[in-house]
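Let me begin by presenting the structure, written as structure tokens, before commenting on it.
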């Protein structure tokens, strides 16, 4: 099983094998004992995908286990988003079928249930299966806060305690990528996003998708190479 490794961490690993000289100086971690100055430069580093795939391989996106929501089928919306993103960003063939149901198991048991995943792969003739667990929580974060308020007449600023309506949105995703021929777990990944917004007008479904968009690079990094910019320092004499 491959554990989570951030794109930034992968970039640092890639940079470790770069030639340590650029232009007029060297990329060093500490300044030499000579006169000079440091100049920051940004290097673009290509990070390989976290799993190897071949163009045209078939992908089945199964249902995601999810918490209940009064108006949204969180598991179904998650499966739709994952299916769309894989189709947009890869050369894989995403099966256009309703996401099949998955067992009600704890995430750690579900991820390694190779008997179930193998049967699912055989039933749909899928090379790769994507599924997982998602939690989306909406919380009331309203309360009293201290704010600086400017008087429109005197233009003086005073500090006041006011009641502010707020809502919090928490998204947590555990993503499983499995082999269709034997049900083996190729990768288990997780990420989370949290936002707090003033007011109560934000639609839950829109906030769900906004939170997924913020984590889009984490999902794409599973299947496609990514380019990241890493700061390094150039010593100039």
Go through the residues of the range 210-229 one by one and say whether even a single one is touching a strand residue (DSSP E or B) at 6+ places or on another chain (Cβ under 9 Å), surrounded by fewer than 17 Cβ atoms within 10 Å (Cβ to Cβ), part of a helix (DSSP H, G or I) and free of Cβ contacts under 8 Å to residues at least 60 places away in the same chain.
yes
Filter result for residue 187 (under 20 Å from residue 95 (Cβ atoms), touching a helix residue (DSSP H, G or I) at 6+ places or on another chain (Cβ under 8 Å) and in contact (Cβ under 8 Å) with a residue 12 or more places away in the chain):
yes
I need a count of the residues in the range 163-181 that are assigned to a loop (DSSP other than H, G, I, E, B), farther than 22 Å from residue 85 by Cα and in contact with a strand residue (DSSP E or B) (Cβ under 9 Å, 6 or more places away or on another chain).
1
Looking only at helices (runs of 4 or more DSSP H) that lie completely in the range 45-162, which have at least 2 residues being in contact with a strand residue (DSSP E or B) (Cβ under 6 Å, 6 or more places away or on another chain), surrounded by 15 or more Cβ atoms within 10 Å (Cβ to Cβ) and free of Cβ contacts under 8 Å to residues at least 60 places away in the same chain?
74-89
Would you pick out the residues in the range 182-204 that are surrounded by fewer than 14 Cβ atoms within 10 Å (Cβ to Cβ), on the phi < 0 side of the Ramachandran plot and outside any strand (DSSP E or B)?
182, 184, 200, 201, 203
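Each reported figure results from applying straightforward, stated rules to the coordinates on display, with no laboratory input. Quick caveat, the model's predicted, so the values are computed rather than measured. Neighbour counts run over all protein chains shown; Cβ positions are idealised from the backbone, glycine included.
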